[in-house]
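Enquirer: Have a look at this one.
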Amino acid sequence: MTAQGIDWWSPERHADRRPALLMRNRILSAFRDWFSARDFVEADAACLQVSPGNEAHLSAFATEAIGASGTRTPLFLHTSPEFACKKLLAAGETRLFSVARVFRNRERGPLHHPEFTMVEWYRVGAPYRVLMEDCADLLKLAAETAGLRRFTYRGREADPFAQPEQLTLAEAFDRFAGIDLLATVARSGETDRDGLAVAVTGADLRVAADDTWADLVSRVLVARIEPHLGVGRPTFLCEYPVSEAALARPAPHDPRVAERFELYACGVELANAFGELTDPVEQRRRFEAEMAEKLRVYGEAYPIDDEFLAALAVMPEASGIALGFDRLAMLACGRTRVEDVIWTPVAETAP
């Protein structure tokens, strides 16, 4: 049974969901037209990959390929089409987008689903802030297609036609938590866990003995910052510390931070963008660090895709972004759960 107590396929429940599902289709069609008008090529990335992604707190679905001889080879359902898309950039594509079904384990709730749709696009030779302009256009397009003037979610509103706010993560920590985040980040990228713990305690937030610096950043972000983002107008939260941007290049004006931003509306994170890192040696180092942390926390790690790292060596400078399409469709349709805009939700499983 669904959270509403009625299976999604029942005529009663489907009749309630159908207008939103049809609107989802119209918005996605409008997005495809938008990309086509700007000379983007659509790529259909394979879901089965050697590595599902190498971020510590992303959990994948594992499977295996069985050869004709019976040999079994581990494979994973991808958590993003990123690795495949970047290989296509290395191959010579310059404006690329993908509407991909992606899979993330350990995730289910009003804003999360084990299988969901990600719209991901890349621009070769473009600064990552150009993606902010793309996002602003697509927010307006989603609202126009749905006939909405404002997005609402759990008491928060945002005007998708307003000029989005730009706010660095350091500015957000100072404004909403009174914490000097970059005082705990060295120019080498090393972080001061104990220094941040003192600041977080001073902000009346819990600190556990085994919390890492990244854990503390996440706690402050969720508790004190995200509820204020994208309220009134969309927000671009940008310039994350390098250690919080595993696939992004350092910002030229400050080596402590990376070319990364996230898009928020009504307190809901909608997109994650990078000025792409193209140094395969540095990328391997970051992946290995992420997998060491994953092994420590979850007792498992994923393989590193050596072909992806080889592709990075010849990939041109580019900027890329992943947008959670179901979340945006949810806001545009005035719904409160992403399952309301997913045609066939995944069966409920044990918590």
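The values are calculated or read from the model by the stated rules, or taken from the named source; none is laboratory data. Given the structure is predicted, the values throughout are model-derived calculations rather than measurements. Note: accessible area is taken over every heavy atom of the protein model, side chains too, but ligands, DNA and RNA are not part of it. Shrake-Rupley method; radii C 1.70, N 1.55, O 1.52, S 1.80 Å.
Enquirer: Give the shape of the range 1-133 as rounded, prolate or oblate, defined through the alpha-carbon gyration tensor: a ≥ b ≥ c are the square roots of its eigenvalues, a/c under 1.5 means rounded, and otherwise the shape is prolate if a/b is larger than b/c and oblate if not.
Expert: Numbers: a/c = 2.00, a/b = 1.11, b/c = 1.80.
It is oblate, given that a/c is not under 1.5 and a/b is not larger than b/c.
Enquirer: Same structure, new question: At what distance in angstrom do the alpha carbon centres of the range 104-138 and the range 9-31 lie from each other?
Expert: Cα centroid to Cα centroid, the span is 21 Å.
Enquirer: Quick check for you: with a 1.4 Å probe and neighbouring chains kept, what is the accessible area per residue of the range 251-290, in Å²? Each step should come with its number before you reach the end.
Expert: Working: 1350 Å² over 40 residues.
It amounts to 34 Å² per residue over the range 251-290.
Enquirer: With the cut-off at 1.5 for a/c, could you classify the chain from its C-alpha gyration tensor as rounded, prolate or oblate? Each step should come with its number before you reach the end.
Expert: Values: a/c = 1.29, a/b = 1.10, b/c = 1.18.
It is rounded, given that a/c, with a ≥ b ≥ c, falls under 1.5.
Enquirer: Could you tell me what percent of the accessible area of the range 1-159 is made up of carbon and sulfur, with a 1.4 Å probe and every protein chain present? Before the final figure, lay out each step's value.
Expert: Details: 4010 of 7720 Å².
With neighbouring chains kept in place, the figure for the range 1-159 is 52 percent.
Enquirer: Once you have a ≥ b ≥ c as the square roots of the Cα gyration tensor eigenvalues for the range 191-276, tell me rounded if a/c is under 1.5, and otherwise prolate or oblate according to whether a/b is larger than b/c.
Expert: Details: a/c = 2.36, a/b = 1.19, b/c = 1.99.
Judged from the Cα gyration tensor, the range 191-276 comes out oblate (a/c at least 1.5, b/c at or above a/b).
Enquirer: Based on Cα positions only, what radius of gyration and what Dmax would you give for the range 134-284, in angstroms?
Expert: Just the Cα atoms of the range 134-284 yield Rg and Dmax of 16.6, 50 Å.
Enquirer: In whole Å, what is the distance between the alpha-carbon centres of the range 235-250 and the range 180-232?
Expert: 15
Enquirer: If you don't mind, another one. Enumerate the helices in the chain for which the Kyte-Doolittle hydropathy averages 0.5 or more and the C-alpha atoms extend at least 24 Å along the helix's axis, using complete DSSP H runs. Kindly include the intermediate steps, with their values, before the conclusion.
Expert: Details: long enough: 11-37 (39 Å, -0.71); 130-146 (25 Å, 0.73); 280-298 (26 Å, -1.15).
Flagged H segments are 130-146.
Enquirer: Still on this model: Once the whole set of protein chains is in place, how much accessible area is left on Ser218, using a 1.4 Å probe, in Å² to the nearest 10?
Expert: Here the accessible area works out near 60 Å².
Enquirer: Now, a different point. Quick one: plug the Kirkwood hydrodynamic radius of the range 60-193 (C-alpha pairs) into Stokes-Einstein at 37 °C, 0.692 mPa s, and report D in µm²/s. Don't jump to the answer; show the numbers that get you there.
Expert: Numbers: Rh = 19.3 Å.
Diffusion coefficient, whole number: 170 µm²/s.
Enquirer: Ignoring ligands, DNA and RNA, what accessible area per residue does the range 68-181 give at 1.4 Å, in Å²?
Expert: Working: 5030 Å² over 114 residues.
Dividing the accessible area of the range 68-181 by its residue count gives 44 Å².
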